[in-house]
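The values are calculated or read from the model by the stated rules, or taken from the named source; none is laboratory data. What you are looking at is a predicted structure, and each value in this text was computed from that prediction instead of being measured. Because the Cβ atoms are built from the backbone with ideal geometry, glycine has one as well, and the counts that use them run over all protein chains shown. These area figures cover heavy atoms from the full protein model, side chains too; ligands, DNA and RNA do not enter into them. Shrake-Rupley method; radii C 1.70, N 1.55, O 1.52, S 1.80 Å.
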Amino acid sequence: MKLLLAVAFLLASSVHAQKTPSKKSVLKVMRLTNQYFMNKWPDPGKPIFTNIERPSNIWTRAVYYEGLMALYDIDKKKKYLDYAIDWGNKHKWGLRGGVQTRNADNQCCGQTYIDLYLMDKKEERIKDIKASIDLMKGTEKVDDWNWIDALQMAMPVFVRLGVLYNDTSYFSRMYEMYAFTKYKHGDNGLYNPAEKLWWRDKDFDPPYKEPNGGNCYWSRGNGWVVAALVRTLQMLPKSDPHYNEYLQDYKDMLKALLPLQRTDGFWNVSLADSTNYGGKELTGTALFVYGMAWGINNNIIDAATYKPAMLKAWNAMMKDCIHPNGMLGYVQGTGKEPKDGQPVTYDKVPDFEDYGLGCFLLAGSEMYKLK
């Protein structure tokens with residue numbers, strides 16, 4: 001009994017070692033960082049130019065709008081909603097590649113299109129994303145998601161359509177595609193059941209190794225899977241035959257992430273190798289915060305176990321990443337592995353700023369809801 005009390009005391013002490021932020025402070029920083037971006041991009045339809053020109057409904061911007069909708073959910077400012085609707089209108093609610101696209105990156109914008117359709121049922125908002133998914137569903141091909149980022153980009157679209165149309169065929173096809181990624185892509189699937197983490201794609205499963213001899217688990221890639229599972233479980237009916245598998249994968253991933261957290265609160269870009277570009281990085285860390293905070297808020301994971309790590313990570317981002325004008329530092333640029341976008345620093349502007357902010361706003365939206 002004494003031992004149990006001692007353990008309970010230590011757990012309770014560790015929870016309070018990191019201060020839980022006030023709702024006011026969370027909302028303040030979400031507003032600041034979002035306003036920085038809206039000021040920088042007053043026209044949401046303006047193409048994005050880096051090495052080439054891309055339309056602004058690509059995945060990077062779509063992830064930002066996921067975050068913006070999460071902010072709007074807790075902070076009902078008309079300018080947020082108008083900005084999202086203007087984005088959809090400027091793109092005529094279409095997808096890069098048209099309705100024929102099977103690329104999850106091109107379908108990511110559909111998450112926000114559907115969310116906006118649910119607020120105002122104008123058929124134009126949902127027509128193209130539904131047509132694209134229906135065309136996929138009408139074939140036998142289920143191997144499209146050959147990189148794990150795709151899970152976050154597309155699974156929430158399938159879930160939304162299944163719920164909206166009360167059609168479980170969307171859920172069934174989503175699981176077939178998820179299972180192919182998990183069990184079959186690469187040599188034996190992109191999920192490692194021994195370590196409960198994911199290889200980004202077939203280029204990184206064994207025999208590929210990191211400099212320290214460990215497996216290459218890219219932080220943001222695993223963050224995308226955490227977000228995919230959260231955004232799937234949020235809406236998927238619990239009666240779905242695969243609900244419990246998604247839930248178990250989510251819990252197993254968070255458990256695997258706990259011991260990999262750095263002492264400063266961040267996670268390395270290479271989760272299992274601190275020697276391979278071992279600096280601070282926001283996007284993966286923010287997605288893990290999002291996953292943990294959502295689980296705590298919905299009584300799915302144990303708060304005493306996960307809250308200390310979650311608070312440590314959130315407070316680290318507050319301390320080290322927020323510029324006075326709202327820019328986010330330590331955002332790894334686009335890519336697929338630890339070396340991409342390096343060096344990742346406080347002052348470096350990544351090739352795309354939008355998805356980093358989206359990840360951060362998703363995290364903030366759940367931090368705001370903490371009791």
Have a look at Asn276, Asn299 and point out the one that is open to solvent by less than 30 Å² (accessible area, probe 1.4 Å), in a loop (DSSP other than H, G, I, E, B) and farther than 18 Å from Tyr64 by Cα.
Asn276
Suppose we keep only residues that are open to solvent by less than 20 Å² (accessible area, probe 1.4 Å) and more than 25 Å from Arg54 (Cα to Cα) within the range 344-369. Which one would you say is farthest from the chain's Cα centre (by Cα)?
Met367
Exclusive hit being touching a strand residue (DSSP E or B) at 6+ places or on another chain (Cβ under 6 Å), modelled with pLDDT of 95 or more and among the polar types (S, T, N, Q), set Asn212, Asn222:
Asn222
For residues in the range 232-258 being touching a helix residue (DSSP H, G or I) at 6+ places or on another chain (Cβ under 7 Å) and aromatic (Phe, Trp, Tyr), which is surrounded by the most Cβ atoms within 10 Å (Cβ to Cβ)?
Tyr250
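Results for (1) closer than 28 Å to Cys109 by Cβ; (2) modelled with pLDDT under 95, shown as yes or no for each residue.
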{"site": "Ala304", "(1), (2)": "no, no"}
{"site": "Pro308", "(1), (2)": "no, no"}
{"site": "Ile322", "(1), (2)": "yes, no"}
{"site": "Lys336", "(1), (2)": "yes, no"}
{"site": "Val344", "(1), (2)": "yes, no"}
{"site": "Ala363", "(1), (2)": "yes, no"}
{"site": "Lys371", "(1), (2)": "no, yes"}
Which of the following residues is surrounded by 12 or more Cβ atoms within 10 Å (Cβ to Cβ), farther than 18 Å from Met317 by Cα, under 19 Å from the mean Cα position of the chain (by Cα) and in contact (Cβ under 8 Å) with a residue 40 or more places away in the chain: Thr33, Thr50, Thr60?
Thr60
Within the range 172-190, does at least one residue satisfy the condition of being assigned to a helix (DSSP H, G or I), open to solvent by 40 Å² or more (accessible area, probe 1.4 Å) and among the polar types (S, T, N, Q)?
yes
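Yes/no per residue for (1) small (Gly, Ala, Ser); (2) out of contact with any Phe, Trp or Tyr (no Cβ under 6 Å at 6 or more places or on another chain); (3) open to solvent by 50 Å² or more (accessible area, probe 1.4 Å); (4) part of a helix (DSSP H, G or I):
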| position | (1), (2), (3), (4) |
| --- | --- |
| Asp144 | no, yes, no, no |
| Met155 | no, yes, no, yes |
| Asp205 | no, no, no, no |
| Asn212 | no, yes, yes, no |
Is there a residue in the range 274-282 that is within 20 Å of Arg200 (Cβ to Cβ) and under 14 Å from the mean Cα position of the chain (by Cα)?
yes
Taking into account only those residues within the range 259-270 that are closer than 17 Å to Asn215 by Cα and in contact with a helix residue (DSSP H, G or I) (Cβ under 6 Å, 6 or more places away or on another chain), which is most open to solvent (accessible area, probe 1.4 Å)?
Gln261
So for the range 86-93 (the condition being in a loop (DSSP other than H, G, I, E, B) and open to solvent by less than 60 Å² (accessible area, probe 1.4 Å)), does at least one residue qualify?
yes
So which residues in the range 214-231 are basic (Lys, Arg) and open to solvent by less than 10 Å² (accessible area, probe 1.4 Å)?
Arg220
Can you name every residue in the range 47-79 that is outside any helix (DSSP H, G or I) and not β-branched (Val, Ile, Thr)?
Pro47, Phe49, Asn51, Glu53, Arg54, Pro55, Ser56, Asn57, Asp75, Lys76, Lys77
Tell me which residues, restricted to the range 115-142, are more than 22 Å from the chain's Cα centre (by Cα), charged (D, E, K, R) and open to solvent by less than 40 Å² (accessible area, probe 1.4 Å).
Arg125, Asp128
Determine, yes or no, whether Asn39 is under 30 Å from Lys92 (Cα atoms), loosely packed, with under 12 Cβ neighbours inside 10 Å and modelled with pLDDT under 95.
no
Starting from residues that are open to solvent by less than 20 Å² (accessible area, probe 1.4 Å) and either part of a loop (DSSP other than H, G, I, E, B) or out of contact with any Ser or Thr (no Cβ under 8 Å at 6 or more places or on another chain) (or both), keep the ones in the range 318-343 and report whichever is nearest to Leu282 (Cα to Cα).
Val331
